[in-house]
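Input: a single structure, listed below in structure tokens.
The values are calculated or read from the model by the stated rules, or taken from the named source; none is laboratory data. Bear in mind the structure is a predicted one, so any value in this text is a computation, not a measurement. Don't worry about glycine lacking a Cβ; one is built from the backbone with ideal geometry, like all the others, and counts go over all protein chains shown. To get the accessible areas, we keep the full protein, side chains included, count just its heavy atoms, and leave off ligands, DNA and RNA. Shrake-Rupley method; radii C 1.70, N 1.55, O 1.52, S 1.80 Å.
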Amino acid sequence: MVDYTLEILDYKDSPVAIVKLPFRYKSLSSAIIGGGVSETNTVFIMEVPMGYDGACPERDLEDVRKYFGLPEDSIGLMTAADIRRVITTESCIEGNVEAAAIVTAGTTNAVTAGERLPQSVIDTLPTHKAGTINIIVIFSEPLQDCGMVNATATIAEAKTAGMNDAGVSGTGTTSDALAILCPKGDGGKYAGTASETGMAAAKAVRSAVAQSTRKWNKQSCKAKTAFEKLDELGIGEAHMWEAALGLYSPAPGWDLETVHSMFRRHIKNLEKDVNVNAMLYAAIRLEEQGNRMNLPGLEDIFQDDPVHLVADELLGIALAQYIAGTKGLFEYIRYDKNKPGILGILGPFLDDIVGSLIGSIMSNIYTELLEEKND
């Protein structure tokens, strides 16, 4: 069965987790040293500071490898997570196959594949984002190259399941790394979720990722605001401001930068409003379900924005009236009719809710500026 040792040693006051195998294993890894298809008996994870911005991580990893006298073909990984706190090991046996998972999870930059990190997260991260989920999986039985590649898909799916089990939304982080090891020899071709090999890996990885993520987050996860979710979808403040300018109606003496500053301030204030978040999230989720053809009666026509679909306008009306009353409703209708900027490419629910948000904010700005002028 799977046999390995795990030590946590110090390098310049920072922990390094070192995994050693009793003999050389076949390996497949995304690591920047020891990566690709190779052979090794050693994998290590180097802890770096949260603000790590090393210009040459390969060199830093090589320095650690040499310091501990590890083999030249060692696989080296990095994390900004507290290794001693978050490192988690799990193993699972399915039939004749055992899989052992060794995981460190730092989820500062968790994201769903295909979506962007919110700007608020990007602004707090260093250029080299080290918040990472590192996964090492060791199999007891040999795998062919195709089987090892098959295992990467299974492990990625299990990682996402483990994150979700721990309450973290996303499919991974922006800098995840993986190392798969198995004995050399003629082995199996399959490691998908229906195979014993894949099932063993999936159970071990899912459990280890969930446990490590909980340790990282101390059992508490901060929910994303609807504005952060919009930003992930490519609808950030800059896009909304560009659309707002499409129908901007200034009075003499209004300074555009002042108006822009007021626009940002309104967004920041509304981000704290539970009702605004609820209505925005309702539109976002409805858009997602429509795109997945999960809205009854709209399965094949959702993207056509059919005339009998009025729920999108109703949400837009509700949001506009909540934020700015009747004047906000008037501006929402203007933006919904003309669809300037990004509004012209959004789906049925998103164009209405974002247009409503922009219109009602601009309505409130006009009111503030006119009141100042009359004082």
Practice problem: Mind counting the residues in the range 142-194 that are polar (S, T, N, Q) and part of a strand (DSSP E or B)? | Solution: 1
Quiz prompt | Failed condition for ASP352, given (1) open to solvent by less than 30 Å² (accessible area, probe 1.4 Å); (2) more than 20 Å from ALA311 (Cβ to Cβ) | solution = (2)
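Among the residues of the range 287-298, write down those that are surrounded by fewer than 21 Cβ atoms within 10 Å (Cβ to Cβ) and not in a loop (DSSP other than H, G, I, E, B).
If the condition is that a residue be surrounded by fewer than 21 Cβ atoms within 10 Å (Cβ to Cβ) and not in a loop (DSSP other than H, G, I, E, B), then GLU288, GLN289, ASN291 are the ones that fit.
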Practice problem: Determine the pairs where a residue that is among the charged types (D, E, K, R), located within the range 75-90, has a partner that is assigned to a helix (DSSP H, G or I) with Cβ atoms under 7 Å apart, the partner being 6 or more residues away or on another chain. | Solution: ARG85/LYS215; GLU90/ALA204; GLU90/SER207; GLU90/ALA208
Quiz item: Which one of these does ASN277 not meet: (1) more than 19 Å from LYS229 (Cα to Cα); (2) polar (S, T, N, Q); (3) surrounded by 15 or more Cβ atoms within 10 Å (Cβ to Cβ)?
Solution: (1)
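Table: residues versus (1) buried (at least 21 other Cβ atoms within 10 Å of the Cβ); (2) assigned to a helix (DSSP H, G or I).
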residue	(1), (2)
ALA282	no, yes
ARG285	no, yes
ASP300	no, no
ILE317	no, yes
THR326	no, yes
MET362	yes, yes
Practice problem: Could you give me the residue pairs with C-beta distances under 8 Å whose first residue belongs to the range 55-71 and is touching a residue at least 60 places away in the same chain (Cβ under 8 Å), whose second residue is open to solvent by 50 Å² or more (accessible area, probe 1.4 Å) and not in a helix (DSSP H, G or I) wherever it lies, and which are 6+ apart or on separate chains? | Solution: PRO57/ILE32; PRO57/HIS128
Self-check item: In the range 302-315, residue farthest from GLY344 (Cα to Cα) [restricted to those that are at pLDDT below 90 and part of a helix (DSSP H, G or I)]
Solution: PHE302
Self-check item: Residues (over 24 Å from the mean Cα position of the chain (by Cα), under 26 Å from MET362 (Cβ atoms) and among the aromatic types (Phe, Trp, Tyr)) located in the range 266-309
Solution: none
Practice problem: Name the single residue, out of those in the range 27-41 being touching a helix residue (DSSP H, G or I) at 6+ places or on another chain (Cβ under 7 Å) and crowded, with 17+ Cβ neighbours inside 10 Å, that is modelled with the lowest pLDDT. | Solution: ILE33
